[in-house]
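Everything below concerns the one structure shown next.
The values are calculated or read from the model by the stated rules, or taken from the named source; none is laboratory data. Keep in mind that what you see is a predicted model, and the values were worked out from it rather than measured. We place every Cβ from the backbone using ideal geometry, glycine too, and count neighbours over all the protein chains shown. These accessible areas exclude ligands, DNA and RNA; they are computed on the full protein's heavy atoms, side chains included. Shrake-Rupley method; radii C 1.70, N 1.55, O 1.52, S 1.80 Å.
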Amino acid sequence: MRYFFNAKHPGSAGYKQTVAAYCGREKYRFWELDFVRGLCVLLMVFDHCMYCFWDVLPSANQMFGTSFLSELAPVAIKYWNSAFRNNIRLVVVSAFFIICGISCTLTRGNFRRFIPLAIVAGGISAVTTVLDQLVLPGAQVRFGVIHMLAAGVLLYAVLDEAAVSVGSVLGKGKKANFTREALRYLPGLVGLILLCWLFFGGFARFSHESGYWDVVGNFSPQNATNAEKDIYSVFLYVKNYYFRSGDYFPILPWSALVLAGGILGRLIYHTSAKYAFRPLDGAWNRGMCIIGRHAAVIYVAHMIVIPLYFALGAYLFSLL
């Protein structure tokens, strides 16, 4: 009863926090997940910023007849085409998607997580379509990272709900409890099966032809029109076909990677291993963890803020 003896006066914030901790209702955030998620988002923001230096900013400069920060375009192009950037990108996006899958195991509210993602994805497509038509050709995002994450979270929610529903009719006892726990691995198992089907079935492969690792499509539908290839491209990479989208992540392999991340989530964060990194927590990681907690908002916001900043900079530079 030490928690209660040391608690503050009943009704105070400290007292309520103490009671919540004693009763096991206080939610502990795993700082390492927030930290890695925040680092990934910062690297994505930097990557998009470099893209804007060589693609968006020149369009803004041309529009206003200026040369705002134009000397940085060659540096950005060199970075964008470097093997270093492309290898790091593959690692960063893979880590980000796996962490998304781990996070899916820490809540039963994945249907609720899907809804805002789907709404934001639709908004991104709508806004970028307008920009594509008016000022920035090629800006339209038809199926980007938010679309893919929405699909991955929805798939996880459906599969996990199916596993819980089956487990609820198994009754009591050790065997029933073990089966219920095993069923919760269903989303991750489906993710691994899809990845194996994709790569070992010859529909995609890892490429190192340009000096860096990448995932390329091996799927080539016969006699398919471009409209049909666009539909296929939502699900997987189509060989030798350019899917016109300013940001592009098909469901396979990336949503399957989200599902597969659920296996790590069940193995680590539903066992005693979940507190392995807790002793390393401290003030040193606070800033990065805050970014990680708001990763989705920051990711979506930077796609709007950075281009607008460059456009505003070019406009103000034209007034000098």
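In the range 102-115, which residues are under 20 Å from F249 (Cβ atoms) and in contact with a helix residue (DSSP H, G or I) (Cβ under 8 Å, 6 or more places away or on another chain)? Working first, answer last.
Our first condition is that a residue be under 20 Å from F249 (Cβ atoms); within the range 102-115, this holds for 102-104, 110, 113-115.
Answer for the range 102-115, where residues must be under 20 Å from F249 (Cβ atoms) and in contact with a helix residue (DSSP H, G or I) (Cβ under 8 Å, 6 or more places away or on another chain): I102, S103, C104, N110, R113, F114.
Taking every residue in the range 87-111 that is under 8 Å from G261 (Cβ atoms) and pairing it with any residue that is in a loop (DSSP other than H, G, I, E, B) and open to solvent by 20 Å² or more (accessible area, probe 1.4 Å), at least 6 positions away or on another chain, the pairs with Cβ-Cβ distances below 9 Å are I102/F30.
Of everything in the range 151-163 that is of a type outside the set (A, V, I, L, M) and surrounded by 19 or more Cβ atoms within 10 Å (Cβ to Cβ), the residue that is farthest from S255 (Cα to Cα) is D160. Restricting the range 173-185 to residues that are outside any loop (DSSP other than H, G, I, E, B) and either among the charged types (D, E, K, R) or touching a residue at least 24 places away in the same chain (Cβ under 8 Å) (or both) leaves a set whose member that is surrounded by the most Cβ atoms within 10 Å (Cβ to Cβ) is R180. Beta carbons closer than 8 Å, at least 6 apart along the sequence or on distinct chains, pair a first residue in the range 113-134 that is under 21 Å from D160 (Cβ atoms) and in a helix (DSSP H, G or I) with a second that is among the hydroxyl-bearing types (S, T, Y) and at pLDDT below 95 for R113/T107.
When the helices (runs of 4 or more DSSP H) confined to the range 1-67 are screened for residues that are farther than 19 Å from Y79 by Cβ, among the aliphatic types (A, V, I, L, M) and modelled with pLDDT of 90 or more, those reaching at least 1 such residues are found at 31-54.
Yes/no matrix, rows are residues, columns are (1) open to solvent by less than 50 Å² (accessible area, probe 1.4 Å); (2) in contact (Cβ under 8 Å) with a residue 24 or more places away in the chain; (3) part of a helix (DSSP H, G or I):
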{"residue": "S165", "(1), (2), (3)": "no, no, yes"}
{"residue": "L170", "(1), (2), (3)": "no, no, no"}
{"residue": "P187", "(1), (2), (3)": "yes, yes, yes"}
{"residue": "I193", "(1), (2), (3)": "no, no, yes"}
{"residue": "G202", "(1), (2), (3)": "yes, no, no"}
{"residue": "R205", "(1), (2), (3)": "no, no, no"}
{"residue": "S210", "(1), (2), (3)": "no, yes, no"}
{"residue": "V216", "(1), (2), (3)": "yes, no, no"}
{"residue": "P221", "(1), (2), (3)": "yes, no, no"}
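Residues that are polar (S, T, N, Q) and in contact with a helix residue (DSSP H, G or I) (Cβ under 6 Å, 6 or more places away or on another chain) do occur in the range 54-65, at least one of them.
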